[in-house]
Structure formats: C-alpha cells, structure tokens
Amino acid sequence: MKNTIKITLGFIAIALTFSSCNNSKSSESKGGLSSSAAEQVYVKPGDHDEFYAFLSGGFSGQLSVYGLPSGRLFKVIPVFSQDPEKAYGYNEETKPMLMTSYGEIPWGDAHHPDISQTNGVLDGRWIFINENNTPRIARIDLSNFETSEIIEIPNSAGNHSSSYVTDNTEYVIAGTRFGIPIPQRDISIKDYKGNFKGALSFIKVDKDSGQMDLSFQILMPGFDYDKAHPGRGKSDGWFFYTTYNTEEANSLLEVNASQNDKDFIAAVNWKKAEEYIKVGKFKTMPTKYAHNIYNDETHSATTTWGTSVKVLDPAECPGLVYFLPTPKSPHGCDVDPTGEYIVGSGKLAASLTVHSFTKMLDAIKNKKFAGEAYGIPILNFEDVLAGTVEQPGLGPLHTEFDGKGNAYTTFFISSEVVKWKLGTWEILDRQPAFYSPGHLMIPGGNSQKPFGKYLVSMNKITKDRYLPTGPEVCQSAQLFDISGDKMKLLLDFPTIGEPHYAAGIPADLVAPKSRKIFKLEENKHPYATTNDADTKVVRDGKNVHVYITTIRSHFNPDNIEGIKVGDKVFFHVTNMEQDYDVPHGMSMIGANTSEVLVMPGQTETFVWEPKQVGVWPFYCTDFCSALHQEMQGYVRVSPENSNIPLSWSLGEE
Ligand code: RUQ
Ligand code: CUA
C-alpha cells in the first residue's frame with residue numbers, strides 16, 4: 001500500500017513537470033492577449049474598474065485590493081503583518097491589533113477572504129479573513145479599507161477551514177487543520193489517535209456593527225478540517241467541512257493520511273447547535289484569547305481578553321454533526337448557489353464528488369447510517385451522492401459557480417480550469433492555467449448570487465510567465481472571461497505574497513461608501529490636537545509627549561528644544577487637513593520604528609528614543625504639496641543632565 005502511494009506521488013510530480021512544459025507551448029500558440037482580449041481588460045486612463053477583487057496575501061499576512069478587469073493593484077491592506085508603509089503594527093495605535101495570547105505577533109498567514117452577505121447576497125460591508133498560523137479571524141471595514149477587528153481563536157492550530165460567512169452573516173466560522181490536545185497539555189505525540197481533537201468555532205457577527213464574538217466551539221475528532229462552506233438558501237443553517245487524515249496519523253502524512261479510500265465531509269447543523277447552547281448542553285472551558293478592536297473615533301485599538309469558551313461535544317448532541325464519505329483526502333468544499341450541491345474535491349481522486357443536500361436530509365430522516373465515528377453518524381456514500389464528474393482532470397482543488405448552472409473547478413496537477421454543468425455533470429470546457437491553480441474566484445461565486453462575468457485563477461507556480469527576478473518570482477493570477485460558452489483567457493497579473501482565496505464584488509456596491517476623510521471634530525484620540533493653538537510639548541518624567549499637527553506644508557511645532565538623551569519621546573501627530581487624499585507622513589532620524597502616515601482628521605503616534613546629543617531633523621514622508629520638501633523640522637537633544645527648558649515653536653526667528 002505504501003508503495004502504491006509513493007508511486008502515485010511520483011506520478012504527480014512528473015505530471016506537474018509535464019503539464020508545465022506543455023502549457024508553456026500552448027501559451028505561445030493561444031497567446032492570451034489577442035487584440036480583443038486586450039480591449040476587454042483595457043480600462044481607459046481615469047476610468048474605473050467594474051469589480052473590486054480582494055486577494056489574500058498568504059504568507060505576506062495581508063489582503064490586496066485589485067481592480068477587474070484591469071488587474072491593477074490599488075492597495076495592500078495590512079491585516080496580520082506589520083506594514084511600514086502604513087505604520088500598521090508600528091504606531092502605538094495599531095500595535096494592539098497584533099496582540100495574541102502568545103504576545104505581540106508581527107506576522108501572519110492570511111488565507112480566505114469572504115465578504116459579508118445579506119440574504120445570501122454580497123452586501124459589501126465587511127470582509128473577513130483568517131490567519132492560519134496563530135489562529136485568528138480579522139474583519140476589515142469596507143468603508144475604510146482598514147482592519148477593524150481581530151479575534152484570536154483558542155483551541156485551534158492551523159486555522160485553515162476559515163473564514164466563511166452564513167447567508168445573513170450571522171456567523172463567520174473557523175476550523176482547525178491540526179488536531180491538538182484540547183486543552184493543551186504535555187502528552188506523547190504518538191498518543192495522537194483518539195486523544196487529539198479538532199475544534200470548529202462559530203463567531204457571532206453583530207449585524208449592525210460587525211463586531212465579532214466567539215459564540216461556541218464544537219469539539220470534533222482529531223481529523224484535519226481543511227476547507228468549509230456554509231449552506232446556502234435551502235441548506236442555510238448547515239456548514240460543511242472537508243476532512244483529511246481521518247486515519248489520525250501523526251507522522252509522514254503524505255503517506256499515512258492517504259490510506260483511507262474515503263475521508264469525510266462533516267455536515268454541521270449550526271441552528272441545532274444554537275438550540276443546544278440555549279438549553280445549556282455545553283461545557284465551559286477556561287481558555288485565553290485576545291480580542292482586538294480598532295475604534296474610528298479614538299483612532300486606536302484596544303485589546304480585551306476572552307477567558308472561556310462554550311464547547312459542544314457532538315457525541316452528546318444528536319443531530320448536530322453527520323459525516324458524508326468523500327473520496328481521497330478532499331480539499332475544496334463548495335456549495336452551489338441553490339444550496340443543493342456540495343462539491344468535495346478529492347485531491348487524489350479520479351472523479352469529482354458532488355453530494356446532494358436533499359438526499360442527505362432524507363438519509364438522516366430515515367436514520368440510514370453506515371456506522372459512526374466517535375459517536376458521529378456516518379451516512380452511506382451512495383445515499384448522499386448527487387453525481388460525479390468523471391475524469392475532469394488531475395488534482396481538483398476548488399470550485400466556484402457562475403449562477404447560470406455551471407461550476408468551475410481548478411486542477412492543480414493537470415494545471416487547468418474546468419467548466420462543468422451542475423445536474424448533468426458533463427464537462428463543458430477546459431482551459432490551461434499557468435501554472436497549477438489553487439483557488440479560483442468569481443465575484444460572488446460562493447454566494448447565492450454570483451456575478452458570473454469574470455473568473456480569476458490564482459496559480460501556485462509562476463515559472464516563466466514574467467521577467468525573472470532571481471530565485472523568487474511573483475505569484476500569478478489569471479483573468480478569464482466566462483460570459484460565453486467557452487472560457488477565454490484575458491490577462492495575467494502578478495500578485496503579492498501567495499494568493500489563496502479571493503473575494504470579488506461589483507465596485508458600485510462598495511465604492512460609493514468609501515470614506516474620504518475622518519472628521520476632525522469627531523477625533524476622540526486622547527492625544528489629538530484639533531486646534532493649532534493647542535500644540536504643545538509636555539514632560540512627564542522621562543516621557544515627553546509632543547502634540548504636533550500637520551497642514552500643508554508645515555509641522556506645528558517645527559522647532560523643539562529641551563529633549564534629553566534617555567528620554568522617550570512620543571510624537572502624537574494629528575493631520576488637520578479635511579480634504580480628500582491629503583495624508584501627511586512623519587519620520588524621525590534614527591527612530592526605531594516606521595514613519596507614521598496620517599489620514600486627514602486622524603492622530604497617530606510613534607516613539608523616538610534619542611541616543612545622542614545633537615540637533616536631529618524630521619520630515620514629511622508623503623509628497624503632499626508643492627512645498628512638501630519644505631515640510632520639515634528639528635529637535636534639539638541635550639545631555640541627560642542639562643537644564644535646557646522645554647520649548648517649541650513655529651515660524652519665530
Ligand atoms: S488553500 S489551494 Cu484555501 Cu489555503 Cu486551497
Ligand atoms: Cu506633508 Cu509632505
């Protein structure tokens with residue numbers, strides 16, 4: 001058995017090499033950019049794109065914002081990693097955003113963005129994204145395009161089957177990839193089987209503010225929970241998770257977790273879970289997790305600590321969870337817009353398995369079970385099967401839908417996107433992707449209402465698609481037109497980090513709400529200076545607080561004296577501008593941090609600890625006006641024991 005698996009894996013490697021060479025030839029002959037393709041992606045200078053696309057940054061920890069069809073990059077929104085461009089995680093205000101029970105973590109691995117929905121339709125209010133490594137879920141406010149909130153997920157490791165929203169954004173969910181001891185304890189790794197567990201987390205989202213709250217967890221067997229998808233429409237109230245490693249192996253998983261012919265899709269009835277919580281059928285488990293919220297009025301984040309979580313045991317909660325056998329280590333788990341079909345992509349399977357929600361309910365009603373695992377009923381494969389797509393390609397990963405009855409699946413090994421029909425399971429089209437696509441995205445393609453005009457394939461391997469940049473080359477996305485019968489490759493564009501999933505939305509659902517400035521009179525930052533007359537420098541022992549303002553094209557004050565070696569100087573920079581697109585930046589020579597970049601009406605703080613006497617300059621880092629280069633100032637630093645008094649000024653000789 002082990003040998004067969006090795007051979008399979010060897011074959012995969014060869015197939016990959018082959019498909020790469022083949023594809024590079026066909027890319028020449030097909031030449032994506034025929035002139036009509038060029039016209040389709042051409043957005044005239046000054047014109048706007050039709051869609052926003054939010055691509056996860058993977059190991060960059062961020063979320064990047066592109067326009068479609070142009071593929072132009074607009075912004076990188078820092079989420080789980082520090083970003084010196086925006087001072088995120090560097091300024092005092094946003095440092096708490098990166099707080100966790102492990103301390104302040106400057107990096108994260110961002111995977112799956114998902115846009116909030118109302119009645120199963122994208123509403124463009126927030127976008128959620130998971131952090132895989134130190135389990136967290138973030139919420140980004142789509143009026144500011146900034147991270148508003150990050151909640152840590154306890155009892156979890158490898159937060160991969162996250163973060164997806166239900167039809168009315170009642171919940172955003174998180175699921176663990178690694179089985180771990182829960183609660184964590186000192187135990188032999190060899191005792192994995194039966195002792196390690198996987199927690200599925202349900203995070204309640206406040207329907208007005210979007211604020212998240214860890215509502216409850218379901219303690220599942222120690223399988224790996226890989227991907228998840230909420231039920232839609234008729235299956236609203238359910239959540240589906242692919243699993244692999246139902247073998248519960250703890251070593252050499254590439255072999256040992258590929259033994260079972262079928263793993264499971266776990267179907268979780270979250271409305272039932274709510275009932276169990278209501279009647280008190282949960283245990284309260286002590287734990288510790290950070291909950292970081294950024295406030296738009298104080299322009300500051302604060303951390304509060306969660307200390308316990310409600311936990312449901314599926315073995316004690318009949319009707320809560322069922323297992324749907326699904327061939328060969330399924331990865332993607334995708335539900336079509338009607339909510340009837342659940343697509344499980346067995347990475348090592350020869351065909352694509354589609355389950356039927358209706359058949360699943362029937363089998364449950366008739367109590368037709370094939371057995372159970374850890375007290376969770378297992379349904380019969382044949383009883384829940386809607387159909388299979390035969391020989392679709394090699395290495396299926398993810399599926400999205402166009403809302404016209406078609407599904408599109410990426411195939412990593414055979415390096416292609418395949419279009420097939422729901423219900424008849426016939427293959428309608430296949431197009432090569434360059435190379436080895438992971439996720440794909442159709443705007444709204446995981447909701448009840450896809451906007452089925454474009455498809456973005458996010459490719460894991462780039463090779464020769466762009467000018468080489470040393471051993472590390474950019475990752476690659478490809479845009480297809482899917483409005484016709486056949487898919488048409490329109491454009492390649494480079495991406496940041498490693499895009500896993502993405503979320504797309506028509507621009508007119510977001511752009512009109514985009515914030516232009518923060519109102520100065522609403523600035524409640526404790527160190528804000530909303531009036532030029534209030535600028536000042538205040539000493540508090542060794543701490544010195546500089547209340548400084550910016551307006552085109554000066555700092556107030558721009559001369560500061562009386563600072564001493566050994567001081568800790570806090571520059572609280574308020575940008576007094578009230579016009580759109582006039583940020584100012586500030587940086588200080590030798591400061592052990594980044595600049596701050598302050599939006600109109602906002603206050604941001606950075607710390608400088610002068611080490612040497614002298615006169616030290618600072619300047620504006622954002623080209624704000626014709627006299628931007630004049631926007632500068634000096635701080636005089638005297639010896640520790642000097643008695644030069646504090647003074648500050650602007651424009652006096
Ligand atoms: S993953 S390529 Cu979503 Cu992190 Cu499938
Ligand atoms: Cu202010 Cu440049």
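The values are calculated or read from the model by the stated rules, or taken from the named source; none is laboratory data. The structure displayed is predicted, hence computed values, not measured ones. For neighbour counting, all protein chains shown are included, and Cβ atoms are generated from backbone atoms with ideal geometry for every residue, glycine included. Side chains included, ligands, DNA and RNA excluded: accessible areas come from the protein's heavy atoms. Shrake-Rupley method; radii C 1.70, N 1.55, O 1.52, S 1.80 Å.
Figures for the structure shown
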quantity	calculated
Extreme residue, farthest from ligand 2 (Cβ to nearest atom), among residues of region 626-646 that are open to solvent by less than 50 Å² (accessible area, probe 1.4 Å) and small (Gly, Ala, Ser)	Ser642
Counted residues, region 491-506 - those being surrounded by fewer than 19 Cβ atoms within 10 Å (Cβ to Cβ) and hydrophobic (A, V, I, L, M, F, W, C)	1
Scan of region 568-609 for residues that are touching a residue at least 60 places away in the same chain (Cβ under 8 Å), touching a Lys or Arg at 6+ places or on another chain (Cβ under 6 Å) and in a loop (DSSP other than H, G, I, E, B), ordered by number	Tyr580, Gly601
Within region 272-316, considering residues that are touching a helix residue (DSSP H, G or I) at 6+ places or on another chain (Cβ under 7 Å) and loosely packed, with under 15 Cβ neighbours inside 10 Å, the one farthest from Glu104 (Cα to Cα)	Glu297
Phe623, sole failed condition from (1) buried (at least 19 other Cβ atoms within 10 Å of the Cβ); (2) in a loop (DSSP other than H, G, I, E, B); (3) free of Cβ contacts under 8 Å to residues at least 60 places away in the same chain	(1)
Search result, residues across region 506-530 that are hydrophobic (A, V, I, L, M, F, W, C) and over 30 Å from Ser447 (Cα atoms)	Ile517, Phe518, Leu520, Ala528
Selection from region 59-108 of residues that are of a type in the set (Phe, Trp, Tyr) and farther than 28 Å from Ile505 by Cα	Tyr90, Tyr102
Residue that is farthest from ligand 2 (Cβ to nearest atom) [pool: residues in region 107-130 that are among the hydrophobic types (A, V, I, L, M, F, W, C) and open to solvent by 10 Å² or more (accessible area, probe 1.4 Å)]	Val121
In region 354-376, the residues that are assigned to a strand (DSSP E or B) and either under 15 Å from Lys262 (Cα atoms) or open to solvent by less than 20 Å² (accessible area, probe 1.4 Å) (or both)	Val354, His355, Ser356, Ala370, Gly371, Glu372, Ala373, Ile376
Unique residue being touching a Pro at 6+ places or on another chain (Cβ under 7 Å), within 16 Å of ligand 1 (Cβ to nearest atom) and either within 30 Å of Gly120 (Cα to Cα) or in the same structural domain as Asp236 (by TED's automatic domain parsing) (or both) when the list is Gln475, Gln448	Gln475
Residue satisfying condition, being open to solvent by less than 30 Å² (accessible area, probe 1.4 Å), modelled with pLDDT of 95 or more and under 24 Å from Arg232 (Cα atoms), within set Pro396, Pro392	Pro396
Candidates Phe518, Phe480 - the one that is modelled with pLDDT of 95 or more, away from ligand 1 (no atom under 16 Å from the Cβ), in a strand (DSSP E or B) and open to solvent by less than 20 Å² (accessible area, probe 1.4 Å)	Phe480
Odd one out for Gln612, checked against (1) assigned to a loop (DSSP other than H, G, I, E, B); (2) without any contact (Cβ under 8 Å) to a residue 40 or more places away in the chain; (3) open to solvent by 80 Å² or more (accessible area, probe 1.4 Å)	(2)
